[in-house]
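Undergrad: Encoded as structure tokens, here's the structure I'll be asking about.
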Amino acid sequence: MNILIKGGSLSFWRVWFGRPCDNFHVPINAELDGGVLTICFDEGEKCVVYDPFDIVNEPNDFHVKRASKIVWEWYYYGRKQAPENLFRWEFALDGGKVCAKYSGAPALPDVPNACKYALQMC
């Protein structure tokens, strides 16, 4: 899958990674295989979207309307890309409510109930 947008800030069920428009993530590879969308980014980040539904892939807009689960992984910026520096956010949809977990990373802010987009890059 070729993602048409050049890059942008990421939001997971309205939880921004950083502040809106503060980070710019450049997708370098994307694969949709058996109901799993995996997007790799230029700084070693990875976003895995399970059961993506209604994907919009346009030059100025990339979003996934619904998903059952999203995992976002990144290495601590400015440090060596090593296992001890790998952070992870995990979001799962459970009965209309988004549940979030994190590993190695700062705590997630409160996650609103399922909203307009599961994943957005803008």
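The values are calculated or read from the model by the stated rules, or taken from the named source; none is laboratory data. Note that the structure is a prediction, hence the values are computed from the model and not measured. Using ideal geometry, Cβ is built from the backbone for each residue, glycine included, and neighbour counts are taken over all protein chains shown.
Undergrad: Take region 88-98 and flag every residue that is of a type in the set (Gly, Ala, Ser) and exposed (fewer than 15 other Cβ atoms within 10 Å of the Cβ).
TA: Result: GLY95, GLY96.
Undergrad: With respect to VAL36, is the statement that it is aliphatic (A, V, I, L, M) and surrounded by 17 or more Cβ atoms within 10 Å (Cβ to Cβ) true?
TA: No: the conditions fail for VAL36.
Undergrad: For region 45-69, which positions are assigned to a loop (DSSP other than H, G, I, E, B), over 13 Å from the mean Cα position of the chain (by Cα) and not polar (S, T, N, Q)?
TA: ASP51, PRO59
Yes/no matrix, rows are residues, columns are (1) more than 15 Å from LEU119 (Cα to Cα); (2) in a loop (DSSP other than H, G, I, E, B):
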| site | (1), (2) |
| --- | --- |
| ILE28 | yes, no |
| CYS40 | no, no |
| VAL71 | no, no |
| GLN81 | yes, yes |
| ARG88 | yes, no |
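For (1) touching a helix residue (DSSP H, G or I) at 6+ places or on another chain (Cβ under 7 Å); (2) farther than 19 Å from SER9 by Cβ; (3) in contact (Cβ under 8 Å) with a residue 40 or more places away in the chain; (4) surrounded by 14 or more Cβ atoms within 10 Å (Cβ to Cβ), each residue gets a yes or a no:
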residue	(1), (2), (3), (4)
LEU32	no, yes, no, no
PHE41	no, no, no, yes
LYS46	no, no, no, yes
TYR50	no, yes, no, yes
ASN57	no, no, yes, yes
ARG66	no, yes, yes, yes
TYR76	yes, no, no, yes
LYS80	no, yes, no, no
LEU86	no, yes, no, yes
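Undergrad: Let me ask you something else. Return yes or no: is SER68 under 21 Å from ALA92 (Cβ atoms) and polar (S, T, N, Q)?
TA: Yes: the conditions hold for SER68.
Undergrad: Quick check on my filter: what residues within region 17-72 are among the small types (Gly, Ala, Ser) and touching an Asp or Glu at 6+ places or on another chain (Cβ under 9 Å)?
TA: GLY35, GLY44, ALA67, SER68
Undergrad: In region 11-31, what count of residues is obtained for those that are out of contact with any Gly (no Cβ under 6 Å at 6 or more places or on another chain) and at pLDDT below 95?
TA: Within region 11-31, residues that are out of contact with any Gly (no Cβ under 6 Å at 6 or more places or on another chain) and at pLDDT below 95 number 13.
Undergrad: Just to be sure before I move on: is TRP16 under 14 Å from GLN120 (Cβ atoms), surrounded by 12 or more Cβ atoms within 10 Å (Cβ to Cβ) and in contact (Cβ under 8 Å) with a residue 60 or more places away in the chain in the structure I sent?
TA: No: the conditions fail for TRP16.
Undergrad: Does region 102-115 contain any residue that is crowded, with 16+ Cβ neighbours inside 10 Å and under 13 Å from the mean Cα position of the chain (by Cα)?
TA: No, region 102-115 has no match at all.
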